[in-house]
Amino acid sequence: MLNFATIGTGWITESFIQAALESKQLRLAGVYSRSAEKAKQLVDTYHSLHYYTDITEMAANPEIDVVYIASPNSVHFKQALLFLKNKKHVICEKPICSNMAELEEAYRTAEENGVYLFEAIRNIHTPNFQILKKKLDWAGPLRSAMLPYIQYSSRYDAFLKGENPNVFSAEYSGGALVDLGVYPLFLAVGLFGEPEKVSYHPVLLRTGVDGSGTLVLQYEGFVCTILCSKVSHSVLPCEIHGEKGTFVLADAAPISEITFYDSHTKNPQVLGTAQEAKDMVYECRTFAAIIEAKDDLQYDLLKNWSKAVLRITEEARRQNGIVFKVEV
């Protein structure tokens, strides 16, 4: 069993801790926060051994094997490097880095120190994603896809009042595409590969980042359209259209339901399976299995998907003059 520690004390960190413990392959060994009170609260809740307010002290602990990073986007790279150089495997919340230069250096550092660097993106590790990928040819030649992820952010009200929450800030590498759009984008890259051409049409906020946007991915013979927003809400499903049939997904993450409709009969066929409520458990199991088996083949696949996604989001930002503070 691998000992893991966490950075961050928000709901996403607690979700990961719960899923990691449920996986039976990871044991919580430490929690870091700048706030001793928040760190101690997590330790008490999940019966960890230690809490830290000094990140370098946690990085130096030889009993920690893996570190999960759920800090603001802009500091992912710096924190990941610290732990990779201390020979810790790193699981970093999406987006893994702000740009490709950071990501390439992070992967080099991981390789130099004999450890793995993973991007935490839950939907591509679920059983329903595997079912969809295996059955994709049922649709025949693909002609279009519509993958929305439109979810009103609980932080947008604060933004409207004049505050600058991290997720809406260029200082913290925020914006709708890198925060929410990556879910359907990983879905597209995992299913269809990297597109031939990318174009992004955002609605920009006063902070210079996108509150919502439409990302168009052009493939040979078909187009995939991704809708993302943190300033509105939608109940639209995802659809993948082929000449022989259409796949309908209840959502891009966690892909809770999949139905296939034959183009001729229009008859629905339910393909999805019931999944764990704490769906991050699947990525926990995948990462632990790769580490323990030293499965470089599977690792390289995930690494290539992360690179493809970041290349796309970086190009989308370049087209629209969205510049993060770490790039200035």
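The values are calculated or read from the model by the stated rules, or taken from the named source; none is laboratory data. For clarity, every value in this text was computed on a predicted model and none was experimentally measured. Here the Cβ positions follow ideal geometry from the backbone for every residue, glycine too, while neighbour counts run over all protein chains shown. All accessible areas refer to the heavy atoms of the entire protein, side chains included, with ligands and DNA or RNA removed. Shrake-Rupley method; radii C 1.70, N 1.55, O 1.52, S 1.80 Å.
Quick rundown of the values:
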item: Residue check, TYR183 in contact with a helix residue (DSSP H, G or I) (Cβ under 8 Å, 6 or more places away or on another chain) and in contact (Cβ under 8 Å) with a residue 40 or more places away in the chain; result: yes
item: Residue tally, condition more than 21 Å from VAL235 (Cα to Cα), crowded, with 21+ Cβ neighbours inside 10 Å and touching a strand residue (DSSP E or B) at 6+ places or on another chain (Cβ under 8 Å), over the stretch 143-194; result: 1
item: Matching residues in the stretch 268-295 - criterion: being surrounded by 20 or more Cβ atoms within 10 Å (Cβ to Cβ) and closer than 17 Å to ALA70 by Cβ; result: ASP279, MET280, VAL281, GLU283, CYS284, PHE287
item: Every residue from the stretch 54-64 that is open to solvent by less than 50 Å² (accessible area, probe 1.4 Å) and not hydrophobic (A, V, I, L, M, F, W, C); result: ASN61
item: Residues of the stretch 13-42 satisfying the condition of being in a helix (DSSP H, G or I), open to solvent by 40 Å² or more (accessible area, probe 1.4 Å) and out of contact with any helix residue (DSSP H, G or I) (no Cβ under 6 Å at 6 or more places or on another chain); result: GLU14, GLN18, LEU21, ALA36, GLU37, LYS38, LYS40, GLN41
item: From the options ALA120, ALA110, residue that is small (Gly, Ala, Ser), closer than 30 Å to ILE258 by Cβ and surrounded by 15 or more Cβ atoms within 10 Å (Cβ to Cβ); result: ALA120
item: Filtered residues of the stretch 201-217 (kept if open to solvent by 20 Å² or more (accessible area, probe 1.4 Å), of a type outside the set (D, E, K, R) and over 27 Å from ARG143 (Cβ atoms)); result: VAL203, LEU204, LEU205, THR207, GLY208
item: Per-region count, the stretch 1-42, residues over 23 Å from PHE287 (Cα atoms) and aliphatic (A, V, I, L, M); result: 2
item: Number of positions in the stretch 106-126 that are of a type in the set (Val, Ile, Thr), part of a helix (DSSP H, G or I) and over 15 Å from ASN304 (Cα atoms); result: 1
item: Flag for GLN130 being under 30 Å from ILE258 (Cβ atoms), outside any loop (DSSP other than H, G, I, E, B) and not hydroxyl-bearing (Ser, Thr, Tyr); result: yes
item: Filter result for the condition that a residue is of a type in the set (A, V, I, L, M) and touching an Asp or Glu at 6+ places or on another chain (Cβ under 6 Å), over ILE55, ILE96, ILE91, ILE64; result: ILE96
item: Every pair of residues 6+ apart whose Cβ atoms lie under 9 Å, when the first sits in the stretch 218-239 and is buried (at least 16 other Cβ atoms within 10 Å of the Cβ) and at pLDDT below 95 while the second is among the small types (Gly, Ala, Ser) and not in a strand (DSSP E or B); result: none
item: Residues (aliphatic (A, V, I, L, M) and either in contact with an Asp or Glu (Cβ under 9 Å, 6 or more places away or on another chain) or outside any helix (DSSP H, G or I) (or both)) located in the stretch 160-176; result: VAL167, ALA170, ALA176
item: Flag for LEU136 being touching a strand residue (DSSP E or B) at 6+ places or on another chain (Cβ under 8 Å), farther than 17 Å from HIS233 by Cβ and either in a loop (DSSP other than H, G, I, E, B) or open to solvent by less than 60 Å² (accessible area, probe 1.4 Å) (or both); result: yes
item: Tabulated pairs, the stretch 284-295, first among the hydroxyl-bearing types (Ser, Thr, Tyr), second open to solvent by 50 Å² or more (accessible area, probe 1.4 Å), C-beta under 8 angstrom, 6+ apart or interchain; result: THR286/GLN298
item: Neighbours by Cβ (under 8 Å, 6+ apart or cross-chain): first from the stretch 305-328, more than 15 Å from VAL216 (Cβ to Cβ); second of a type in the set (Phe, Trp, Tyr) and open to solvent by 60 Å² or more (accessible area, probe 1.4 Å); result: LYS325/TYR172
